[in-house]
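Readers should treat all values here as calculations from the given coordinates under stated rules, not as data from a laboratory. Keep in mind it's a predicted model, so treat the numbers as computed, not measured. Cβ atoms come from the backbone with ideal geometry, glycine included; neighbour counts cover every protein chain shown.
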Amino acid sequence: MAHCVVEEAEKILDKEYKVLDKGFIRLVDYCGSDSRIVQAARISYGDGTKSYREDKGLINYLLRNDHSSPFEQVNFTFHVKMPIFVARQWIRHRTGRVNEISGRYSVMTDECYRPDFDHINLQSLDNKQGRKNECVDIETAKKVLEKFEEDKKIIFDNYNQLLDMGIARELARIDLPLSLYTQWYWQMDLRNLFHFLELRLDSHAQYEIRVYAQQILEIVEKVCPIAVEAFKNYKLGSVTLSMSEREALAQMLEGKDNPLKGRAKALFEEKLL
């Protein structure tokens, strides 16, 4: 099996893509491509890469039917700089391999995430873990950012004083904020990367991790354009129906009334949603 080199991917290796106010993503390395996926899928009966149309058809078939192991043959390594609170959501995807900067060995700089005015929102009334779509007024946003800056100054003044006293870095760091930027090398295969992207590109995911996921998708598309097109079609742009929903849809296509009409409202009233 030949080593995969993708011309478009080679052009962006080590290119820094800005994310949020001080973050970035870089593609450090990749192993495999669309051709590696189809080679792995066809190995069981000895066929290799065929025409573009046949390869595209196979990748679409694999993704649509959740035959996912061939996608594990493609791997990506990213260098990512992100706020700690984003990193803590990110690390929930335990299939990745991570090496992160350590505050035990390094003196942490006072780089902290500050949202822009368009992304300072009130708490959502119907989503306990999210925020309203509408941003607050300018005066409120300014007050929020002033509070962030006040806290940051106090915290980092104390942090630096502790270091000057000779206190161990591993202790001096313990009150540093979640807004502090961290960095890591993150490696993941394409199968699990697609799962990460499916969750983190969802509209319910926090904005600050969605923008990283969107940039990763654009980078991955340079390496595996056919696979990403299939992912967008069969995963990002698809819906999953329950058995009762499928049966209701079949009845509606036959011209019958929707047997589930009003069910969502009833569930909401019962606080089951």
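Direction-averaged projected area, Cα convex hull, the range 1-41: 3.6 nm², rounded to one decimal.
Run through the DSSP bridge list for the chain and note the antiparallel percent, rounded to the nearest 5. Once the DSSP bridges in the chain are tallied, antiparallel ones form about 95 percent. Local charge for Gln89 was computed over the other residues whose Cβ lies under 12 Å away, with Lys and Arg +1 and Asp and Glu -1, and equals +3.
Look at Ile43, Ile219, Ile155, Ile37 and count the other Cβ atoms within 10 Å of each Cβ; fewest to most, that gives Ile43, Ile155, Ile219, Ile37. For the range 114-178, averaging the sequence separation of C-alpha pairs within contact (under 8 Å, six or more residues apart) and dividing by the residue count gives a relative contact order of 23 percent. Kirkwood radius, the range 1-122, all distinct C-alpha pairs, inverse of mean reciprocal distance: 17.8 Å. Of the residues Leu197, Leu260, the one with the fewest other Cβ atoms within 10 Å heads the list, and the complete ranking is Leu260, Leu197. The relative contact order of the chain, computed from alpha carbon pairs under 8 Å that lie at least 6 residues apart in sequence, is 25 percent.
Sorting 7-14, 177-184 by their mean Cβ neighbour count within 10 Å, with the most densely packed peptide first, gives 177-184, 7-14. Among Leu249, Leu20, Leu193, the residue with the largest mean-square fluctuation in a Gaussian network model of the chain, with springs joining Cα atoms closer than 10 Å, is Leu249.
Straight-line cross-link reach from Lys11 at under 16 Å between alpha-carbon atoms covers these lysines, not counting any fewer than eight positions away in the same chain: Lys222.
Put in line by how crowded their Cβ is, counting other Cβ atoms within 10 Å and starting with the fewest, Cys224, Cys135 read Cys135, Cys224. For the range 114-178, list log₁₀ I(q)/I(0) at each q in 0.20, 0.28 Å⁻¹, using the Debye formula over Cα point scatterers of equal strength and ignoring solvent, two decimals each. Scattering profile of the range 114-178, log10 relative to I(0): -0.81, -1.11. Based on the Kirkwood approach, the hydrodynamic radius assigned to the range 136-273 is 20.6 Å, with every pair of different Cα atoms included.
Taking only the C-alpha atoms of the chain, Rg followed by Dmax gives 23.3, 78 Å.
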